[in-house]
Amino acid sequence: MSAAEVLAPADERVLTRDALAFVERLQRELGPVREELLERRAERQAELDAGAEPDFLEETRAVREGDWRVAPPPAALLDRRVEITGPVERKMMINALNSGARVFMADFEDATSPTWRNVVEGQANLADAVRGTIELETPQKRYTLAAETATLMVRPRGWHLVERHVEVDGRPVSASLFDFGLAVFHNAREQLDRGAGPFFYLPKLESHREARLWRRAFELAEEELELPRGSIRATVLIETILAAFEMDEILYELRDHSAGLNAGRWDYIFSAIKKFRLRGGEPLPDRGQVTMTVPFMRAYTELLVATCHRRGAHAIGGMAAFIPSRRDPAVNATALARVREDKVREASDGFDGTWVAHPDLVPVAREVFDDVLGTRPNQVEWRRDDVSVGPAALLDLRVPGGRVTEAGLSQNVGVGIEYIASWLRGTGAAAIGNLMEDAATAEISRSQVWQWVRAGRFTREHVREVVDGELERIAVAAGEDGFAAGRFEEARELFEQVTLAGEFVEFLTLPAYERLD
């Protein structure tokens, strides 16, 4: 059954016959290569499990040592000092576009639970945002766009995911190609006419070959939709530890389409645990102790800035996930001081911009980068020739003074269960304990528990006892009706499935997706 024949009546605006036919072409031409690359991921994991150590690729040495630069940024992406991210939910999109940030990344991936309704409505919201017509009327307030809004970028789902509601040749379509295909088909020409797009963020790449596949998708779209060559631009999130060894190559593959690299800190930590899950030695300590200043994280971010600037590309810093409390000034003061310290470090290291998760953090981040950049749009000219990072620095996962604690276990269990329940209910960006948690932080939570059990820090029985305690706490906070409707017991099942199994589950969202509508 072809994509053009599936579910087109479900939403006449988004799922048009022509749009689905375009997705079908993307899937037919690129799907086989995607499957080969996913098989290569599995092979690479087996090699790591057998003791192989990642290194910079000998076969691409000429790329790393060559004298080349990516295409200059378009005017709309010249200044990216503060970027805000969030799901493709209507109200949150309006608030993000109005936040004062230079860029808003509309996220179909970590911040969106991919129910069919969320995915289709997200595409409709995206089309309205591009055209400046997005609005929302609630009993409390009317939401409309301000006169000046952030530049829109879109993050499709990763290569590992499928969209099971649409099939091509009897198989589910790639979620990446589905999200990208609909977004570019409906909006690229409009964005070009308005001078701000089409721009994308690319998640969870593990190699330059995966970046090459995205380049092929961009070229096919530009050909099919008669867009100028190189008009589609993309920033790649370096959020897997294997991609850190191929940053030059990733930029090279996308050089005509490149909009730089981003330090995706939370998924990077998750990737480090996942890729070296059978390694001996000390496990990573409590999540709160794995900061951006620990040696392996510092090595990766400094290498990212140096690589980007050598190639004329933007380097964008990591997420500040704190949600300011309007009821607790003391909590705000402490957390905002930490956010400011984090952003000062990024700006001082050469990053050209940074990420926040909440509009109230935009002024803090903007002030820090304004102090460093002044009237300059970025600091790409600062090459960071002082940086020299080798494989050993990237792979040394020791955290000086780090400890695995009972409090850390309870936090991971609580966050994991609460987030999974939220995701199952259809909300992919969840406020939990004054932090905006998404799929990436949930992945850290469950993978740390798995690692700690395997390392003998906690028994499976003790983890189940902590799960019982956290579920009781959640039940009290949610109330009888809220707990019954909240899918918390189902979340518990999933959490225990991905933390207590003998084999590591590659992505939490894979078994969770089977439970979504």
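The values are calculated or read from the model by the stated rules, or taken from the named source; none is laboratory data. This one's a predicted model, so the numbers in the text were calculated from it and none came from an experiment. For neighbour counting, all protein chains shown are included, and Cβ atoms are generated from backbone atoms with ideal geometry for every residue, glycine included. With ligands, DNA and RNA removed, areas are computed over all heavy atoms of the protein, side chains included. Shrake-Rupley method; radii C 1.70, N 1.55, O 1.52, S 1.80 Å.
Working from the pairwise distances between different alpha carbons, so that the mean of 1/r is found and then inverted, what is the chain's Kirkwood radius in Å?
Roughly 23.3 Å, rounded to one decimal.
Report in % the part of the accessible area of the chain that belongs to carbon and sulfur, leaving out ligands and nucleic acids; probe 1.4 Å.
Accessible surface attributable to carbon and sulfur in the chain totals 49 percent.
Would you kindly state how much longer the chain becomes between L225 and E489 on full extension, computed as 0.36 nm times their sequence separation minus their alpha carbon distance, in nm to one decimal?
Computed gain between L225 and E489 is 90.4 nm.
Return the percentage of antiparallel bridges among DSSP beta bridges fully within the chain, rounded to the nearest 5 %.
Rounded to the nearest five, the antiparallel share is 25 percent.
So what does log10 I(q)/I(0) come out to for segment 449-517 at q = 0.12, 0.13, 0.17 Å⁻¹, using the Debye formula with one equal point on every Cα and no solvent?
Evaluating at q = 0.12, 0.13, 0.17 Å⁻¹ gives log10 I(q)/I(0) of -0.37, -0.43, -0.70.
Non-local amide H neighbours of A234 (under 5 Å, H modeled in plane, Pro and chain starts lacking H): which ones?
F200, S258, A259
Return the equivalent ellipsoid semi-axes of segment 32-190 as a descending list in whole Å, where each equals the square root of 5 times an eigenvalue of the C-alpha gyration tensor.
Details: eigenvalues 235, 106, 42 Å².
Equivalent ellipsoid of segment 32-190: 34, 23, 15 Å, largest first.
Taking the Cα centre of segment 44-123 as origin, work out the dipole magnitude from +1 charges on Lys and Arg Cβ and -1 charges on Asp and Glu Cβ, in debye rounded to 20.
Using Cβ point charges on Lys, Arg, Asp and Glu, segment 44-123 gives about 680 debye.
Take E472 and A71, extend 7 Å from each Cα along the Cα→Cβ direction, and tell me the distance between the two endpoints in nm.
Label-label distance for E472 and A71, simple model: 6.0 nm.
Take A455 and D360, extend 7 Å from each Cα along the Cα→Cβ direction, and tell me the distance between the two endpoints in nm.
3.4
Let me have the relative contact order for segment 402-512, percent, based on Cα pairs under 8 Å that are six or more residues apart.
36
Please turn the phi angles of segment 447-452 into ³J(HN,Hα) values with the Karplus equation 6.51 cos²θ - 1.76 cosθ + 1.60 (θ = phi - 60°), one per residue in order, whole Hz, x for glycine and proline.
6, 5, 4, 4, 5, 5
At a threshold of 8 angstrom on Cα-Cα distance, excluding pairs fewer than six apart, so keeping six or more, what relative contact order does segment 297-366 reach in percent?
Computed over segment 297-366, the figure is 41 percent.
If the reach is capped at under 29 angstrom between alpha carbons, list the lysines near K275, excluding any in the same chain fewer than eight residues apart.
Leaving aside lysines fewer than 8 places away in the same chain, those within reach of K275 are K204, K343.
Could you give the longest part of the chain that holds none of the GluC sites (Glu not before Pro) found in DSSP loops with at most 11 neighbouring Cβ atoms within 10 Å?
227-380
Can you compute 3J(HN,Hα) from phi for each residue in segment 169-178, using the Karplus curve 6.51 cos²θ - 1.76 cosθ + 1.60 with θ = phi - 60°, rounded to whole Hz and x for Gly and Pro?
6, x, 10, x, 6, 4, 5, 4, 6, 5
Sequence-distant or interchain residues sharing an amide H contact under 5 Å with G86, placed H: which?
M105, D107
Can you tell me the dipole magnitude for segment 231-318 around its Cα centre, using point charges on the Cβ only (Lys, Arg +1; Asp, Glu -1), in Debye to the nearest 20?
Values: 11 positive and 10 negative charges, 27 e Å.
With Lys and Arg at +1 and Asp and Glu at -1, about 120 debye.
Quick one: which residues, 5+ away or cross-chain, put their amide H under 5 Å from the amide H of L152? H built at 1.01 Å from N.
The answer is F104.
For a quick size check, give me the Cα extents of segment 78-135 along its three principal axes, largest first, whole Å.
So the three principal-axis extents are 34, 25, 18 Å.
Rg(Cα) of segment 196-264 divided by 2.2 N^0.38 Å?
Compared with the compact-globule rule of thumb, segment 196-264 sits at 1.05.
Over the chain, what is the mean sequence separation of C-alpha contacts under 8 Å (at least six apart), divided by residue count, expressed as relative contact order in percent?
Working: 902 pairs, mean separation 86.7, N = 517.
Reported relative contact order: 17 percent.
Return the sequence-ordered ³J(HN,Hα) values of segment 457-465 in whole Hz as given by the Karplus equation 6.51 cos²θ - 1.76 cosθ + 1.60 applied to θ = phi - 60°, using x for Gly and Pro.
6, 9, 8, 4, 5, 5, 4, 5, 5
State the dimensionless ratio Rg/Rh of segment 159-238 (Rg: radius of gyration of Cα atoms; Rh: Kirkwood radius).
Numbers: Rg = 13.0 Å, Rh = 13.4 Å.
Here the Rg-to-Rh quotient is 0.97.
In segment 159-241, what trypsin sites (Lys or Arg not before Pro) fall in a loop by DSSP, with at most 16 other Cβ atoms inside 10 Å?
Those satisfying the criteria are R229.
Per residue, how much accessible surface does the chain expose to a 1.4 Å probe? Answer in Å², no decimals.
Heavy-atom SASA per residue in the chain reads 39 Å².
Considering only DSSP states other than H, G, I, E and B, which trypsin sites (Lys or Arg not before Pro) in segment 24-133 qualify as loop sites with at most 16 other Cβ atoms within 10 Å? Could you put the intermediate results ahead of the total?
Working: sites: R25, R28, R34, R40, R41, R44, R61, R64, R69, R80, R81, R90, K91, R102, R117, R131; in loops: R69, R80, R81, R102.
When the trypsin sites (Lys or Arg not before Pro) of segment 24-133 are filtered for loop state and at most 16 Cβ neighbours within 10 Å, R69 remain.
Which value results when the Cα radius of gyration for segment 306-382 is divided by 2.2 N^0.38 Å?
1.17
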